[in-house]
Structures are given as C-alpha cells and as structure tokens.
C-alpha cells in the first residue's frame, strides 16, 4: 500500500486547496512552467484533461500551521489573497516522460525555488471531469463483462466524452448497457481504490490497456468493474446522477460511443426537452405524439410538392409551346425566367428529345434566371444546359467559356453548370455566340 503522496489528488480527489513550495521553474515555447513539491493539480493522462486553477504566493492567513500536514487546514479568503498579492492562472497541467508534473501559467513569474505558494484548482471543472471519468469506468466495465470488448480509446472533451471499443454494438445492446450502468448509479456503490502488491496482483482480474510496471492503482466498482487507472474518481456512483449514451458510430472496425454524465447529462436532457417542446408546440401535439405528427406533416409536404411540380410542369409546357419553330433549327440562347434548376433540366431533356437525330437540328443554350428581376444590374450565377449537336460547325462549349465566367463541364452533346451574367448582358452574349436570343415567358 502506498502511504505518502506528492500527488495530493490521489490522497483526496476532493481536495481543492493546498500549499506547496516551488522546486523549479522553466520557460518552454514562451510559457512559464512550475514544478512544485506537492500538488492538487491533476496532470493530463488516461483520457482526462489536466486541471486548471490558480497559484499565488502563500500568506500567513492561508495556513493554521506549517508544513505539508497543514495543507488540509487552509483558510482561503479575501484577506489572505490581498496579503499574498497577484494570482496567476494555471491554464494546463502536464506530466513529462520522467513523471515530473508541470503547471503551465498564463503569464511570466519570478518565483524562486523554495517560494511557498497557495494553489486552488477549478473545482467545478475538476468535478465534472471526475463524473465523466467515473462514468466511463462503468460503461467500459459493463461492456467488457457482457460482450468481451476492450476500451481502446477514451477522451473527455469540453462538451462530450468519447469511448472507443474494439467490437460492434447493436442499438438494443447500447440500450442494455445504458440501463445497466444507471442501475449501478442508483445503487450508490463505492469507487474503491487499492494498491495491491506484486504477489496479490496475478490473482486479481482487472482491465488495463498497458503492461504496468511499479505500483498499480486499481479502481473497483463492486459487481461492475475493476480497472487499473491513474485518474480521479468520485466517491460513489450516486454522484454521477445520470449516464446517457448519446451517439454511436462505427470506428476502426469497432464502435465509438459518445457519453455524458452528471451535470452534462442533465443539461443535454434539458436541451432535448426544450427542442421537443418547441416541436410539439409547432405541431400542436403532445411530446408523446411527435412521431405521428411528423409523419403526417411529411405526408402533407409530399402532397404539396407533387402539386407544386404539377404546376411547374404545366408552366414549362406553356413556355415550350411558345418557342418559335426556328429555335429547333437555328442556334438559340433561350432564357427561362423564374425557372428553377429542375425545370431547366426537364426543358433540356424535352428539347433534346425533339431535336436529337435531326440533320438540321441546332445547338441550344438554355439558361434559368431564378427569380431575378429583368433589369437587375448585378451579375448573378445562372444555371445553364448546353445542347451541342454533332453537326454544329463550331465548338459552342469552348466559345461560351471564352465569353464569360463559367463553372461546369460535361461532354458532347450535353454540358451543364453555372455562368455569371446579368440579364441585360445575355443578348450580347447570344450575338457573340451567333445565336438568336429568346426570352421566356
């Protein structure tokens, strides 16, 4: 059993304040980093981000005694802070390859080795990270025990926590896992921390991603999980409140789960409820009947779209009927006003059906102007279809690209895309292309 700690977060993960002495200071990439003789700041590791908080020179009022034992008897307050001077933000905590913990500060400092400091972690953030990490143990333990999958990746993000498993999980299996881990929450089970010696370790079944040297820290939730872990946990499962599996996707041959616990889960459920309430209000239905309301709305939209298409098709037939006979025998640039891309594509299809195979058929350039006003002076992207007959003496596609900005492509006999021009410029474009200009309606 390990009895002494310079990592105070292992002795008590709920500890928020401490005093320590500066051991070393360094500047890396323009950022000041401090090494202390003891700390409550957890360094990034095992999927859990490093702690943040503040450091300042310790004042007499910070302590009721002296030495490491007094660190649990801190009396922080305005009087102590004022006496000690400025505070510096710890923006991250990292551990190097030699196991040394470094506190990254937001600005330069001039504290010498031996300087006594007062430290305080951002407790709300730390407790949130503890909830996420503790919930991960339950989800990973239940998944491993039931399905035999290993947790091969774990990350606590600012908003979401992701867990990667080396096997697939069906929707029904995810619901089962979620139900099981929340049963553990309701039982308010302890997170037991132990440091078995090397003689005991082989007889214990526990999860671990790596082969471990030295002391092994085991975190056990009776009946649910036993895992080697270097992170910080809550004392009991009841502190998690709720564990919610929000999403799942295939990932590297296995499954990536998105999880929320504690305050995060509560806020997400509240957000979902707000969205459901808005949808229920918009559909004039209770939340419990939204699926049927959405089905009926989709059915109504399909019917409305069908009616709109019928009207668009009638409008297109009317326009095509107004085309002069010369439009199918002589090159023409035809502008369809107030026409959408679907209608223009249908017009191109019908005109091609009419002209294809005719020896005297002409190349046609069809453009749709959407709802732009006839006198609009601002150039706008116009959807086009170019029907180039094989008998055409010149390459109309190359001519078009030389005359105006064009984005698109294709190959003979059909090209499509968007060109930029005003309606007022189109008659001149038609003249450059040696085409008659026709505007519909």
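The values are calculated or read from the model by the stated rules, or taken from the named source; none is laboratory data. Please read all numbers here as calculations on a predicted model, not as lab measurements. Heads up, the Cβs are rebuilt from the backbone with ideal geometry, glycines too, and the neighbour counts pull from every protein chain shown.
The table below lists the values:
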quantity	calculated
Residues within region 395-441 that are in contact (Cβ under 8 Å) with a residue 24 or more places away in the chain, in a loop (DSSP other than H, G, I, E, B) and closer than 20 Å to residue 328 by Cα, tallied	6
Region 210-222, residues that are exposed (fewer than 14 other Cβ atoms within 10 Å of the Cβ) and either out of contact with any strand residue (DSSP E or B) (no Cβ under 7 Å at 6 or more places or on another chain) or at pLDDT 95 or above (or both)	210, 211, 213, 214, 215, 222
Of all residues making up region 58-70, the number that are modelled with pLDDT under 50, at negative phi and either under 40 Å from the mean Cα position of the chain (by Cα) or not in a helix (DSSP H, G or I) (or both)	2
Enumeration of residues in region 180-189 that are surrounded by fewer than 16 Cβ atoms within 10 Å (Cβ to Cβ) and either under 25 Å from the mean Cα position of the chain (by Cα) or on the phi > 0 side of the Ramachandran plot (or both)	188
Among the residues listed as 346, 330, the single one being surrounded by 13 or more Cβ atoms within 10 Å (Cβ to Cβ), modelled with pLDDT of 85 or more and over 30 Å from residue 277 (Cα atoms)	346
Lone qualifier among 55, 117, 74, 36 - being in the same structural domain as residue 13 (by TED's automatic domain parsing), modelled with pLDDT under 90 and within 17 Å of residue 9 (Cβ to Cβ)	74
Residue that is farthest from residue 217 (Cα to Cα) [pool: residues in region 21-52 that are in a strand (DSSP E or B) and within 24 Å of the chain's Cα centre (by Cα)]	48
Condition check for residue 45: closer than 25 Å to residue 208 by Cβ, at pLDDT below 95 and assigned by TED's automatic domain parsing to the domain that holds residue 100	yes
Qualifying residue in region 199-222 (condition: touching a helix residue (DSSP H, G or I) at 6+ places or on another chain (Cβ under 7 Å), farther than 15 Å from residue 136 by Cβ and part of a loop (DSSP other than H, G, I, E, B))	yes
Residues being part of a loop (DSSP other than H, G, I, E, B) and touching a helix residue (DSSP H, G or I) at 6+ places or on another chain (Cβ under 8 Å) - total across region 161-198	5
Residue 312 vs. criteria at pLDDT below 90, within 30 Å of residue 426 (Cα to Cα) and surrounded by fewer than 12 Cβ atoms within 10 Å (Cβ to Cβ)	no
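Residues are listed down the side, and each one gets a yes or a no for (1) more than 47 Å from the chain's Cα centre (by Cα); (2) within 24 Å of residue 388 (Cα to Cα):
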| position | (1), (2) |
| --- | --- |
| 304 | no, no |
| 321 | yes, yes |
| 332 | yes, yes |
| 339 | no, yes |
| 343 | no, yes |
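Yes/no per residue for (1) closer than 22 Å to residue 14 by Cβ; (2) in contact (Cβ under 8 Å) with a residue 24 or more places away in the chain; (3) surrounded by 17 or more Cβ atoms within 10 Å (Cβ to Cβ):
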| position | (1), (2), (3) |
| --- | --- |
| 243 | yes, yes, yes |
| 247 | no, no, no |
| 251 | no, yes, no |
| 266 | yes, yes, no |
| 270 | no, no, no |
| 278 | no, no, no |
| 284 | no, no, no |
